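The values are calculated or read from the model by the stated rules, or taken from the named source; none is laboratory data. Model, not experiment: these values are computed from the prediction. Every residue, glycine among them, receives a Cβ derived from its backbone with ideal geometry; neighbour counts consider all protein chains shown. Quick note on the areas: whole protein, heavy atoms, side chains included, nothing else; ligands and nucleic acids left out. Shrake-Rupley method; radii C 1.70, N 1.55, O 1.52, S 1.80 Å.
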Amino acid sequence: MYRKLASNNNQAIANLLELKFLLRDFTEVSQKQFTKLSQDEVNQLLIIQQLNQNWNQNVNSLSRKYQFLRFQDSFSFMSQVSQIADQMKHYPKWFNKNGLVQMDLMSPEVQGITFKDVILAHSAEQISQVIVSQPKTSIFDNCDIHMENLISSWNNNYQKFQGLNQVFERSVNFI
């Protein structure tokens, strides 16, 4: 994958600029009209936001399964994601059974995947990592995810990806 980006670096940078959406607040997402993303655009966003390992892209949706050790952790996860979904006015289709959460994301207004889905996927990923890495004894102790950290993580991934593209550009010049 990296070789492909390196050999076509100008295209990757151009696509990155088209796919860049910096967050200030989750409520602003509900006010934007997003268009349906192509499969390539979704793949690039999943790479930029470091979601390509865990999220599956179907024809018109993104899906992921989260396995938590305890049911209360899965419930805490869903509660925290629902807070963000409410702010975005964009809701996942999900199922929870014995700590296994199946999450599907799709934007019904375009019958496909938009920035909204990738933003919510990124937020869910960050929330799950905190819950898994910092187990709590009570569901109420898991409610320490800060919106600013999620927004900062989303925006910082663009900077990391741009730096990676510059490294590849330099390496291509030496080949």
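Grab the Cα-Cα distance for ASN52 and GLU109, subtract it from 0.36 nm times how many residues apart they are, and report the gain in nm with one decimal.
Values: separation 57, 0.36 × 57 = 20.52 nm, distance 2.41 nm.
Going from the current span to full extension adds 18.1 nm.
Determine the dipole magnitude for the stretch 42-107: charges of +1 sit on the beta-carbon of Lys and Arg, -1 on that of Asp and Glu, nothing else is charged, the reference point is the Cα centre, and the result goes in debye to the nearest 20. Before the final figure, lay out the partial values.
Details: 6 positive and 3 negative charges, 25 e Å.
The dipole magnitude comes to about 120 debye.
Restrict the search to the stretch 18-67; then list the trypsin sites (Lys or Arg not before Pro) that DSSP places in a loop and that have at most 12 other Cβ atoms within 10 Å of their Cβ.
Working: sites: LYS20, ARG24, LYS32, LYS36, ARG64, LYS65; in loops: LYS20, ARG24, LYS32, LYS36.
Hits after loop and neighbour filter: ARG24, LYS32.
Please give the contour-minus-distance gain from SER79 to THR27: 0.36 nm per residue of separation, less the Cα-Cα distance, rounded to one decimal in nm. Spell out each step's value before the answer.
Details: separation 52, 0.36 × 52 = 18.72 nm, distance 1.73 nm.
My answer for the length gained is 17.0 nm.
Using a 1.4 angstrom probe, figure out how much accessible area the stretch 48-119 has per residue, in square angstrom, rounded to the nearest whole. Mind showing how you got there, number by number?
Numbers: 3560 Å² over 72 residues.
In whole numbers, the stretch 48-119 has 49 Å² accessible per residue.
Quick one: dipole size for the stretch 38-149, taken about the Cα centre, charges +1 on Lys/Arg Cβ and -1 on Asp/Glu Cβ, in debye to the nearest 20. Could you put the intermediate results ahead of the total?
Numbers: 8 positive and 11 negative charges, 77 e Å.
Charge dipole, the stretch 38-149, about its Cα centre: 360 debye, nearest 20.
Which shape class applies to the stretch 61-106: rounded if a/c is under 1.5, otherwise prolate when a/b exceeds b/c and oblate if not, where a ≥ b ≥ c are the square roots of the Cα gyration tensor eigenvalues? Could the numbers behind the result be given before it?
Values: a/c = 3.00, a/b = 1.40, b/c = 2.14.
It comes out oblate by the Cα gyration axes.
Could you please report the charge total around TRP94, scoring K, R as +1 and D, E as -1 over all other residues with beta-carbon less than 12 angstrom from its beta-carbon?
Values: positive: ARG64, LYS65, LYS93, LYS97; negative: ASP104.
Local net charge: +3.
To the nearest 0.05, what FRET efficiency results for GLN39 and ASN96 with a Förster distance of 25 Å applied to their C-beta separation?
Values: r = 29 Å, r/R0 = 1.15.
About 0.30, to the nearest 0.05.
If I ignore ligands, DNA and RNA and count only protein heavy atoms, how much of GLU148 is accessible to a 1.4 Å probe, in Å² to the nearest 10?
Approximately 130 Å² of GLU148 is accessible to the 1.4 Å probe.
In the stretch 44-139, carbon and sulfur make up what percent of the accessible area (probe 1.4 Å)?
Values: 2330 of 4460 Å².
Exposed carbon and sulfur together represent 52 percent of the surface.
Which FRET efficiency, nearest 0.05, do GLN129 and PHE71 yield, Cβ-Cβ r, R0 22 Å? Don't skip to the answer; put the middle values down first.
Working: r = 19 Å, r/R0 = 0.85.
Efficiency at R0 = 22 Å is approximately 0.70.
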